[in-house]
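> Submitted below is the structure of interest, expressed as structure tokens.
The values are calculated or read from the model by the stated rules, or taken from the named source; none is laboratory data. Nothing here was measured: the structure is a model prediction, and the numbers come from that model. The accessibility values were calculated without ligands, DNA or RNA, using every heavy atom of the protein model including side chains. Shrake-Rupley method; radii C 1.70, N 1.55, O 1.52, S 1.80 Å.
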Amino acid sequence: MGVPFWGMYLSVTGKGLRFEKEITPEYRVQIATYSIMARYAPLQVIRNLGVFEKEISSSDSELKVNDSLSISNWDIKNVWYISENDKEITLKITDGTNTLIKNFQKKEDN
């Protein structure tokens with residue numbers, strides 16, 4: 001009975017954000033964990049549109065450094081903006097030990 005209220009509490013208060021960083025005045029990166037039933041933590045790139053915000057890219061899976069090593073969204077410590085073009089945005093991501101430069105595809109409606 002309390003699960004819907006807990007989900008509303010996490011989303012309304014912002015306590016469901018595991019990681020949040022403004023990487024430029026136009027973009028921020030967040031890892032949201034609004035679920036109390038599962039270990040789901042998507043990395044989202046958000047565009048600031050004044051009062052409104054829009055998700056431009058999202059990654060649900062672990063980020064592959066190489067064939068045998070990956071960075072979990074739960075372990076991300078810092079993110080930096082590298083560059084962007086019309087179709088993708090490039091970010092540098094670290095978990096404190098490993099560093100990865102990854103291109104994220106922008107959603108088509110941007």
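> Considering every Cα-Cα pair within region 65-110, what fraction, in whole percent, is farther apart than 17 Å?
Numbers: 399 of 1035 pairs.
Of all Cα-Cα distances in region 65-110, 39 percent exceed 17 Å.
> Continuing with the same structure: For region 53-93, what % of the accessible area comes from carbon and sulfur atoms, probe 1.4 Å? Please list the in-between numbers first.
Details: 980 of 2400 Å².
The nonpolar share, carbon plus sulfur, comes to 41 percent.
> Related question: Taking 1 over the mean of 1/r across every pair of different Cα atoms in region 17-110, what Kirkwood radius in Å do you get?
On the way: mean 1/r = 0.0728 Å⁻¹.
One decimal place: 13.7 Å for the Kirkwood radius.
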